[in-house]
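Below is one structure; the comments refer to it alone.
The values are calculated or read from the model by the stated rules, or taken from the named source; none is laboratory data. On a predicted model such as this, the values are computed, not experimentally measured, just so you know. FYI the Cβ positions are ideal-geometry reconstructions off the backbone, even for glycines, and counts take in every protein chain you see. Heavy atoms of the whole protein, side chains included, go into the accessibility calculation; ligands, DNA and RNA do not. Shrake-Rupley method; radii C 1.70, N 1.55, O 1.52, S 1.80 Å.
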2 protein chains.
Amino acid sequence: MATSRYIALTEIPQGLPRQDQFTLREQSLDPLAEGEVRVRNLWLSVDPYMRGRMSGVTTYVEPYALDAPMDGGAVGEVVASRDQRFASGDLVRHMAGWRDVAQLSADRVEPLPQHEVPPQAYLGVLGMPGMTAWTGLNRIAQMQPGERVLVSAASGAVGSLAVQLALAAGCQVVGVAGSDAKCEWLEGLGAKAVNYRGKDVEALTQALAEAAPEGIDVYYENVGGPLLDAALANLRDHARIAVCGLIDRYNDAQAGDGPRNLNRLLFRKARMEGFIVAEHWAHYPTFLAEVAPRVAAGEVRYRETVVEGLERTPEAFLKLFSGDNEGKMLVRLDASAADV
Amino acid sequence: MATSRYIALTEIPQGLPRQDQFTLREQSLDPLAEGEVRVRNLWLSVDPYMRGRMSGVTTYVEPYALDAPMDGGAVGEVVASRDQRFASGDLVRHMAGWRDVAQLSADRVEPLPQHEVPPQAYLGVLGMPGMTAWTGLNRIAQMQPGERVLVSAASGAVGSLAVQLALAAGCQVVGVAGSDAKCEWLEGLGAKAVNYRGKDVEALTQALAEAAPEGIDVYYENVGGPLLDAALANLRDHARIAVCGLIDRYNDAQAGDGPRNLNRLLFRKARMEGFIVAEHWAHYPTFLAEVAPRVAAGEVRYRETVVEGLERTPEAFLKLFSGDNEGKMLVRLDASAADV
């Protein structure tokens, strides 16, 4: 009988989750039902938004149930199909991640698009993170050519594409990251870079003013905290802040102080808007048509941090919050290990 | 020679301004030049936004110069004109307030619109405050019939019109005010009312949840502070916050804490946008056509707090921050006292 090994959350974490709050379990799979497919996962995605799903309460997505298989983006290969749309060997993307073998309705599986890119790109630069960058800049902030764009977490999976999309649109771009190496990489892309480490609100405000002396039209907000205060202090008239995430807060058991200068929204007639990429997914084909050929042609740079093995998925997830990863964090599974 | 008595600011206030930081002065007026009009002011407007102009720095409007005539909305009667568009006896509106006699270019003066309302209504319900309420609800928050609308400072000049416009649009309205009498008045309009006095963020959050159990689609934000936290906690998906003012902060020498739960913007895919009514003034005729007939017909209720005499203008201004006024704060001038 086929089995699936999966990661389950065993306890609702307070603050930064601990590895011992995750466990590796195994379950037998029922025989494949009509309309289902079985997928051997090759790549799992771990993403910051998953922290919100570990809180036991509904934020914008359902919370993870304790002691049950977690889920998230994954790319894999169909190994058995009882749906005419899929055959063994097809590469697919779906949300039944955090496990080695997924068995699910074919309605919840999509074939990988056909571009000359590695399959895991559809979990990163051409997947949810990439679509998130594109949506925030274009559909939320309505970025215009020549504007001054600030991106936080700028060397991350989302931020690094936001930086490059803004540069490609002819914008002046400032990227904020947490190490000299990351800043150097950003400057190699053509952005100005600010290292936030060791800077309080005042120092960040000053650093942004130096990097963008004319101020900021668009802030692609991944972070929150002191950087949001500093960005607010540097807004231009009619600026737009696309709030993609506030990773600074994801692990806070108690809410911290909010920005002290929210009155800048008023003075600058500015807008701040939260968005969830899932609501914009109807535009994914537009995004893909625009960005995939550029990725395939090597015109878009993206990086991956790869952790090997299902059992290390929690470790990969936790690395998202240490700032040690570069670009998209992925887990690669050993295809030969799965019992399909 | 004609003279003008005016109020000047003598010192940049820290925190709540003091009366001794204002002074009454007098200046002689030059002979009327070609293209100018002389206006005997009958009504002066004092408004919360003027506090921002007393800070010595540019926010969204130029700061008041020290020892010079202050300005602001005023309604008066033309007493001399060297412009063919105006004749003695015409009632006009202009921005050379805080003085009894204004002499200025006719380009900066507009005739009062012709509706059956008292002239001072064009400084309140049919003037900048009214237009501010209408703009925030319609042009910023895109209020839709049947939505749930929260209005802070709901018994004030702006808020009370916002409440009535929202009710007239078929919305469910919750108004927040600072006394039982104000709350009773709001309930008389058909809104639910919440008295914010003595309530911390948690109690306000609970009170709003009781008043609007389905949550809030539109928040007309005049206040900031704990009420903003409470409103954020009660947002519905795709809510819009129109930031008209943050009066809670106008007199703070140091910025206070911001909202601790700004992540609700993200969870709720919500938008928060500051606006300045001056940028929307091209739509004033639309506002007037919609609202003036209803004011003239007595269908819109509005209140005025009237202080008598130019020398009491600073006192009237300061009352804006004590919460003692009801509706629009105005200064009425004794027409016979002016030396025109």
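Order B:89-99, A:158-168, A:294-304 from most to least packed using the mean count of other Cβ atoms within 10 Å.
Numbers: B:89-99: 21.4, A:158-168: 26.6, A:294-304: 15.6.
Ranked from most to least packed, the peptides come out as A:158-168, B:89-99, A:294-304.
Report the FRET efficiency, 1/(1 + (r/R0)^6), for A:VAL61 and A:MET1, where r is their Cβ-Cβ distance and R0 is 35 Å, rounded to 0.05. Kindly include the intermediate steps, with their values, before the conclusion.
Values: r = 32 Å, r/R0 = 0.91.
The computed FRET efficiency comes out at 0.65.
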Exercise. Relative to the longest principal axis of the C-alpha atoms of chain B, give the angle of the C-alpha long axis of helix B:201-211, reported between 0 and 90° and rounded to the nearest 10°.
Key: 80 degrees
Quiz item: Which of rounded, prolate, oblate describes segment A:21-129, given a ≥ b ≥ c as roots of the alpha-carbon gyration tensor eigenvalues and a/c under 1.5 marking rounded, otherwise prolate only if a/b is larger than b/c?
Solution: oblate
Quiz prompt | Part-to-part distance (alpha-carbon centres) for segment A:172-245 and segment B:123-168, which is given in Å | solution = 35 Å
Quiz prompt | Check: segment B:128-278 dipole with +1 on Lys, Arg Cβ and -1 on Asp, Glu Cβ, in debye | solution = 360 debye
Quiz item: What does the accessible area of A:TRP43 come to, in Å² to the nearest 10, when a probe of 1.4 Å is used?
Solution: 20 Å²
Self-check item: For residues of B:232-242, the mean tally of beta carbons on other chains within 10 Å
Solution: 1
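Please give the average number of partner chain Cβ atoms lying within 10 Å of the Cβ of each residue in A:221-227, rounded to a whole number. Display every interim value, and only then the final one.
Working: counts 3, 0, 0, 3, 0, 0, 0.
Rounded to a whole number, the mean comes out at 1.
Viscosity 1.567 mPa s, temperature 4 °C: give me the Stokes-Einstein translational D for the protein assembly as shown in µm²/s, with Rh taken as the Kirkwood radius over C-alpha pairs.
Values: Rh = 27.9 Å.
Estimated diffusion coefficient is 47 µm²/s.
Net charge around A:ALA212, counting only other residues with Cβ within less than 10 Å of its Cβ (Lys, Arg = +1; Asp, Glu = -1)?
Numbers: positive: A:ARG148, A:LYS192, A:ARG236; negative: A:GLU210, A:GLU214, A:ASP217.
Net charge around A:ALA212: 0.
Provide a whole-number value for the mean count of partner chain Cβ atoms within 10 Å of the Cβ atoms in peptide B:270-279. Present the calculation step by step, with values, prior to reporting the outcome.
Working: counts 5, 8, 9, 9, 14, 6, 5, 0, 1, 3.
The mean count of partner-chain Cβ atoms within 10 Å per residue comes to 6.
Would you kindly work out the equivalent ellipsoid of segment B:128-278 from its C-alpha gyration tensor and give its semi-axes, the square roots of five times the eigenvalues, largest first in whole Å? Could the numbers behind the result be given before it?
Values: eigenvalues 73, 60, 56 Å².
Those come to 19, 17, 17 Å.
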Quiz item: For helix A:284-296, what angle does its Cα long axis make with the longest principal axis of chain A, in degrees from 0 to 90 and rounded to 10?
Solution: 90 degrees
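Exceeding 19 Å between C-alpha atoms, which entries from my cross-link table qualify? They are A:LYS269/B:LYS199; A:LYS192/A:LYS269; B:LYS182/B:LYS328.
On the way: A:LYS269/B:LYS199 30 Å; A:LYS192/A:LYS269 26 Å; B:LYS182/B:LYS328 14 Å.
Over 19 Å apart, Cα to Cα: A:LYS269/B:LYS199; A:LYS192/A:LYS269.
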Quiz item: What residue among B:LEU123, B:LEU320, B:LEU66 shows peak mean-square fluctuation when chain B is described by a Gaussian network model with Cα springs under 10 Å?
Solution: B:LEU66
Practice problem: For chain B, find the longest principal axis of its Cα atoms and tell me its angle to the long axis of helix B:157-168, 0 to 90°, nearest 10. | Solution: 50 degrees
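Using only DSSP helix segments of four residues or longer, with each worth -39500 (n - 2.57), what per-residue ellipticity at 222 nm results for chain A after dividing by its residue count and rounding to 500? Mind showing how you got there, number by number?
Numbers: 8 runs with 73 residues, N = 340.
So the calculated ellipticity at 222 nm is -6000 deg cm²/dmol.
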Quiz item: Quick one: which of B:278-284, A:6-12, A:267-273 comes out on top by average Cβ neighbours within 10 Å, and what's the full order, highest first?
Solution: A:267-273, A:6-12, B:278-284
Quiz item: B:ARG332: accessible area at probe 1.4 Å, nearest 10 Å²?
Solution: 90 Å²
